[in-house]
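A short write-up of the structure that comes next.
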Amino acid sequence: MTAAARLAPIGAKVSDFRQIPDRPEQGPRGHLSVLARELVDLIGPQPGDTVVDCTFGAGGHARLVAEKIGPEGTLVAIDRDPVARAHFQEFAAEAACQTRFIASEFSLALKALQNEGFRASALYMDLGMSSLQVDAAERGFSYSHEAPLDMRMDPRQSLTAEEILNTFSEQQISRILRDLGEERYAGGISREIVARRPLRTTSDLVEAIKAGMPAAARFGSGHPARRSFQALRIAVNGELEAVDAALPIGWDTLKTGGRMAVISFHSLEDRRVKRFFNDLATGCTCPPELPVCVCGHEPEAEVLTRRPISADEDEIAANPRARSARLRGAIKLEAGGEAR
Ligand SMILES: C[S@@+](CC[C@H](N)C(=O)[O-])C[C@H]1O[C@@H](n2cnc3c(N)ncnc32)[C@H](O)[C@@H]1O
């Protein structure tokens, strides 16, 4: 479903959207927040709400939410990247709501909130990396800049891309490239990486990737290193494990009637989010041959996006990164399966 054909606003009136200025998703130093209006539409923040932004980044989504929840509301921002903390300080200085920042991996931050007894009216994740991270050449996320092979979102973590590339076995590297990047030349590329050790810079890696694929494939659609860089970034930051851990904890911190929304950028994440919401929305899980229900399982969620919401052509033209974005959401039901 494209944003143009998106579902009717939930919890928000059309007039609310007229108050959102053009391109409010333009964050500090040019970060463009993806599906910003659609996300706000889906979680429907109300004055006084407590909202958790699990991936604060440059705070583009947070700014829109802060306007909605107002001075009685609280926005808890989480990010594991110290650069995001600096953006949060700017945001907090002028935010329309109360604010708090947790500098941590989001599943750990959510666990800490849960232990405090914190209850969220809404919670959202905008997964992956921000353009601020890609554009910081020295961090090694980009195949377009010469830099050390780092790729850590949290510099306190010890595992880097360089360690993976220079110490993991050829089979392990091949599996990372194939499973996390869907790179069809994973075998040839990993062979080339091992033969060229030690690799020190992003250029060393780009050269190994090009040498490990057939000449014709280097000139296909997109940069030949795109898939391998994505795979390594996901591996370095344990991104899929983090999502798997955070979804259930985030769900538990939601109040009844609370909404959760996730923007993902590749099928590995989107599949997880879809399955998570669908499982929560499933009632009886007894085998169909049983005449009566014995499991007693009741739906905990109503899925708000039967199909994921994606960016419309205008947004993609302004921000090509939005092309692969998929937004899904669900609302937490009262016991017995009733929405409030
Ligand atoms: C796509 S950006 C978010 C952009 C933000 N929504 C905005 O509008 O500016 C993703 C952010 O999430 C952070 N992040 C990704 N995975 C994380 C995790 N597991 N725990 C905490 N932060 C994470 C990254 O450091 C990055 O700053």
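Things to note:
- Spatial offset of the stretch 248-290 relative to the stretch 169-201 amounts to 33 Å, using the alpha carbon center of each.
- Separation of alpha-carbon centers, the stretch 110-135 and the stretch 225-244, rounded to whole Å: 18
- Relative contact order for the chain: 17 percent, from Cα pairs under 8 Å spaced at least 6 residues apart, divided by residue count.
- If you wrap the tightest convex hull around every Cα atom of the stretch 158-236 and split its volume per residue, you get 76 Å³.
- Accessible solvent surface per residue of the stretch 158-236, calculated while the other protein chains remain in place, 1.4 angstrom probe, Å²: 47
- For the peptides 48-57, 115-124, the ranking by mean Cβ contacts within 10 Å, running from highest to lowest, is 48-57, 115-124.
- For Ser169 and Glu241, the FRET efficiency from 1/(1 + (r/R0)^6), where r spans their Cβ atoms and R0 equals 30 Å, is about 0.90.
- Efficiency of FRET between Phe118 and Ala217 - r from beta-carbon atoms, R0 41 angstrom, step 0.05: 0.25
- Counting only Cα atoms, the stretch 209-340 measures 61, 36, 27 Å along its principal axes, largest extent leading.
- Extension gain for Cys284-Asp312 works out to 6.4 nm (0.36 nm per residue, less the C-alpha to C-alpha distance).
- For the chain, average projected area of the Cα convex hull in nm²: 19.3
- Sum of -39500 (n - 2.57) over DSSP H runs of 4+, divided by residues of the chain (222 nm, nearest 500): -12000 deg cm²/dmol
- Take 303-311, 258-266 and order them by the average number of nearby Cβ atoms within 10 Å per residue, most first; the result is 258-266, 303-311.
- Site pair Arg323 and Glu207 shows an inter-label distance of 2.9 nm when each label is modelled 7 Å from Cα along Cα→Cβ.
- A Förster radius of 22 Å, combined with the Cβ-Cβ distance separating Ser158 from Glu138, puts the computed FRET efficiency at roughly 0.75.
- Listed by chain and number, the lysines whose C-alpha is less than 23 Å from the C-alpha of Lys111, apart from same-chain residues fewer than 8 away, are Lys255, Lys274, Lys332.
The values are calculated or read from the model by the stated rules, or taken from the named source; none is laboratory data. Keep in mind the model is a prediction, meaning the values are calculated, not measured. No Cβ is skipped: glycine too gets one built from the backbone with ideal geometry, and neighbour counts run over all protein chains shown. Please note that ligands, DNA and RNA were not included when accessible areas were found on the heavy atoms of the full protein model with its side chains. Shrake-Rupley method; radii C 1.70, N 1.55, O 1.52, S 1.80 Å.
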